[in-house]
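What follows is one structure encoded as structure tokens, with my remarks underneath.
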Amino acid sequence: MNDLEGGCLCGKVRYTSSSKPLTTVACHCTDCRKQSGTAFSIIIGISSDSLTISGDSLRSFDDIGSSGKPIHRFFCNACGSPLYSQVEAAPDVVFLKAGSLDNTDWVEVTAEIWCDSKVSWSQLEIGLKQFPRSPRE
Ligand SMILES: [Zn+2]
Ligand SMILES: [Zn+2]
């Protein structure tokens with residue numbers, strides 16, 4: 001099985017990618033918190049042209065990132081699962097929601113981003129690289 005294969009809770013949207021995982025981070029930004037419904041979002045950067053989607057219930061909500069450019073947050077319109085985000089400020093990369101993968105055993109978080117907006121009631125293991133905001137800023 002391909003590591004980068006997954007889908008939403010109801011199964012109507014499926015995806016696969018031929019990319020290698022480029023980065024795996026926990027994002028503490030307030031928008032990821034709202035969208036995920038929990039303390040942070042674990043996201044895996046992959047090359048955007050490697051992603052293949054199937055299913056017709058994929059929708060996106062257009063958020064605005066700190067760059068002022070849109071972030072398209074894709075989710076399944078039937079079950080509400082968040083699946084991935086496309087950041088217009090970084091068009092070569094797409095950020096998969098790690099929890100939507102079929103197999104998550106291999107996932108290893110290497111850094112935390114947007115630590116400036118981290119909640120106090122949820123901690124990850126100590127020693128991860130920490131960025132106050134986006135690593136690009
Ligand atoms: Zn679904
Ligand atoms: Zn975020």
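The values are calculated or read from the model by the stated rules, or taken from the named source; none is laboratory data. Treat the numbers as computed from the prediction; the structure is a model and nothing was measured. Ideal geometry is used to build each Cβ from the backbone, glycine not excepted, and the neighbour counts take in all protein chains shown. Only protein heavy atoms, including side chains, enter the accessible area calculation; ligands, DNA and RNA are left aside. Shrake-Rupley method; radii C 1.70, N 1.55, O 1.52, S 1.80 Å.
Counting only residues 5 or more places away or on other chains, whose amide H sits under 5 Å from the amide H of TRP114 once H atoms are built in the peptide plane?
HIS28, PHE131, ARG133, SER134
Reachable lysines from LYS118, Cα under 22 Å, same-chain residues fewer than 8 places away excluded?
By straight Cα distance, LYS118 reaches LYS34, LYS97, LYS129.
Can you list, bin by bin at 5 Å, the percent of alpha carbon pairs in the chain, starting at 0?
Cα pair-distance distribution for the chain, in percent: 2, 10, 20, 25, 22, 14, 6, 1, 0.
Could you work out [θ]222 nm for the chain from helices alone, using -39500 (n - 2.57) per DSSP H run of at least four and dividing by all its residues? Round to the nearest 500 deg cm²/dmol.
That comes out to -1500 deg cm²/dmol.
Quick one: check the C-alpha center-to-center distance for the range 89-137 versus the range 72-86, whole angstrom.
18 Å
Roll a 1.4 angstrom probe over the protein heavy atoms and tell me the percent of accessible area of the range 5-117 that is carbon or sulfur.
Using a 1.4 Å probe with all protein chains present, the range 5-117 comes out at 49 percent carbon and sulfur.
Rounded to the nearest whole Å², what accessible area per residue is found for the chain with the 1.4 Å probe?
54 Å²
How large is ³J(HN,Hα) for each residue in the range 66-77, as worked out from phi by the Karplus curve 6.51 cos²θ - 1.76 cosθ + 1.60 (θ = phi - 60°), to whole Hz, x for Gly and Pro?
Here the 3J(HN,Hα) series is 5, 6, x, 8, x, 10, 8, 9, 8, 8, 8, 6 Hz.
With label points built 7 Å along Cα→Cβ from the Cα atoms of VAL107 and LYS20, find their separation and express it in nm.
2.1 nm
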